[in-house]
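Here's the structure, in structure tokens; my notes come after.
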Amino acid sequence: MRSTTSPRLRAVAAVGVIGLALTVTACAPPSTGSPAPAASSSADVPAKPSKPVTLDILDVAGNQKLTGPMVDDFVKKHPDIISSVKWETGGAPDVTGVVKPQVDSGNLQVDLVLTGNDGLSAGIQNNMWIPIVKDYGDRLSNMKNYLDPAQKMQDLAQDYGVVVTYYPSGPLLQYNPKDVADADVPHNPQELLAWAKTHPGKFGYARPANSGPGRTFIMGLPYMLGDKDPKDPVNGWDKTWAYLKELGQYVDNYPTGTGQVITNMADGTWSMIPTTTGWDMNPRIEGTEPNTIKAAHFDDFTWVTDAHYAAIPKGQSADKISAILLLLQDILTPEQNAKAYDHGYFYPGPAVKGATLDKAPQDTQDAITKYQRDWFDTLIEQMPKETPLAPADMVKAFDTWDREVGAGKYQAK
């Protein structure tokens, strides 16, 4: 298996969906004839492909960190089902520009998309995905073993995606103790606003449409601020939108990716950010952020859960659907899904029961043991959990934030 993130693809992810669509098409092998006939019904999809297939996976969620080893293992053990896999990467807002033209033309270059709620939502709105659970759920019996919060994330998918990894996410805070004394760490949104006002330009977060921690932060605020309806960003977020606009007076810019947020913390540009369990642990494990960086939680908060989904573009061939179903069924076994602990990127990570840390590779166990905050697991058990916004409402929230909060302050890096 190889992962391809060409300079052109990375550049296009930052500047727009049209260019990325052209890049992905250019990177794909030229068509050698008519596309394979698409499956028209569940009955048309064989239990096993008629011959080994190649898969082109588009990852717009950083999911390869988690499921890449699972896919590798499946391909190694089942070369009669999948002969090889090619990975492409991009940003969640680019999904529509990449996949929809392929769906509309009936000439798919992307076979499987791994995405968060953002990309899944955009694809649902644009009628891009096969209703995989509705059509083929009987072949994915391991979905019955989802953890309860993962099952609730699955319910959000409206049958168009399959949860492959899950985590409670946040919102949490991360801070640099060189600049912020433990006694000064905010305990609630009001204290955070006061801190940002006193330290303008030292707090920030990324554009929510491009960032898991960014969207978790804005979706967690309605619960802490006591908004009328935390699940309705149009009519129920009056306090949240007012808060974000006021907070925005003290934010210099909003990066268009979480990576730049981590860089800003690592080089001292910022002193405090909203974060998640994974984005607190993984950068410290990988060395992109010093281990001296600390994390904290609000006194009274609600976890806004998150997940990664597998989605199949419409028009997919019967043989490739067959291979993907077999792959997903394997990914959802405890032995494979335990690999999702990774290096804390989506901590904990597994979506199914029984995928405990002792089943993960030894290097993963060692990293988690060393870098995990000792209060993470306790709070995961104790604090309430809520699913993020429904797909259509998430799109509305992103649009409102773009227009009313972040306009004029995007920083493309």
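The values are calculated or read from the model by the stated rules, or taken from the named source; none is laboratory data. Bear in mind that the values here come from a model prediction, so they are computed numbers and not experimental data. In this analysis, Cβ positions are derived from the backbone assuming ideal geometry, glycine residues included, and neighbour counts consider all displayed protein chains. Calculation scope for accessible area: heavy atoms of the full protein, side chains included, ligands and nucleic acids excluded. Shrake-Rupley method; radii C 1.70, N 1.55, O 1.52, S 1.80 Å.
For the reader, a short list of remarks on this structure follows.
- Of all residues in the stretch 52-63, exactly one satisfies the criterion of being surrounded by fewer than 20 Cβ atoms within 10 Å (Cβ to Cβ) and not in a loop (DSSP other than H, G, I, E, B), namely Thr54.
- Qualifying strands (runs of 3 or more DSSP E) (wholly inside the stretch 233-346; at least 3 residues being touching a residue at least 12 places away in the same chain (Cβ under 8 Å) and not β-branched (Val, Ile, Thr)): 294-296, 303-311
- Just one of (1) more than 19 Å from the chain's Cα centre (by Cα); (2) surrounded by fewer than 24 Cβ atoms within 10 Å (Cβ to Cβ) fails for Pro222. It is (2).
- Candidate set: the stretch 157-171, residues that are of a type in the set (Gly, Ala, Ser) and in contact with a Leu (Cβ under 9 Å, 6 or more places away or on another chain); chosen: the one surrounded by the most Cβ atoms within 10 Å (Cβ to Cβ): Gly161
One line per residue, one yes/no per condition, for (1) surrounded by fewer than 24 Cβ atoms within 10 Å (Cβ to Cβ); (2) β-branched (Val, Ile, Thr); (3) in contact with a His (Cβ under 8 Å, 6 or more places away or on another chain):
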site	(1), (2), (3)
Gly344	no, no, no
Pro348	no, no, no
Ala351	no, no, no
Lys370	yes, no, no
Trp375	yes, no, yes
Leu379	yes, no, yes
Gln382	yes, no, no
Lys385	yes, no, no
Ala390	yes, no, no
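- Filtered residues of the stretch 27-51 (kept if at pLDDT 95 or above and open to solvent by 40 Å² or more (accessible area, probe 1.4 Å)): Pro46, Ala47, Lys48, Ser50, Lys51
- For the stretch 142-154, the criterion of being more than 24 Å from Gly257 (Cβ to Cβ) and modelled with pLDDT under 95 is satisfied by no residue at all.
- Complete set of residues in the stretch 109-150 that are of a type outside the set (Gly, Ala, Ser), within 21 Å of Pro384 (Cα to Cα) and in contact with a strand residue (DSSP E or B) (Cβ under 8 Å, 6 or more places away or on another chain): Asn117, Tyr146, Leu147, Pro149
- For the stretch 172-194, the set of residues classified as open to solvent by 20 Å² or more (accessible area, probe 1.4 Å), part of a loop (DSSP other than H, G, I, E, B), touching a residue at least 12 places away in the same chain (Cβ under 8 Å) and farther than 19 Å from Phe217 by Cα consists of Pro177, Lys178, Asp179, listed by residue number.
- Options Thr400, Thr378, Thr387, Thr369: the member that is free of Cβ contacts under 8 Å to residues at least 60 places away in the same chain, in contact with a helix residue (DSSP H, G or I) (Cβ under 9 Å, 6 or more places away or on another chain) and among the hydroxyl-bearing types (Ser, Thr, Tyr): Thr369
- Extreme residue, least open to solvent (accessible area, probe 1.4 Å), among residues of the stretch 121-156 that are of a type in the set (Gly, Ala, Ser) and closer than 13 Å to Gln329 by Cβ: Gly137
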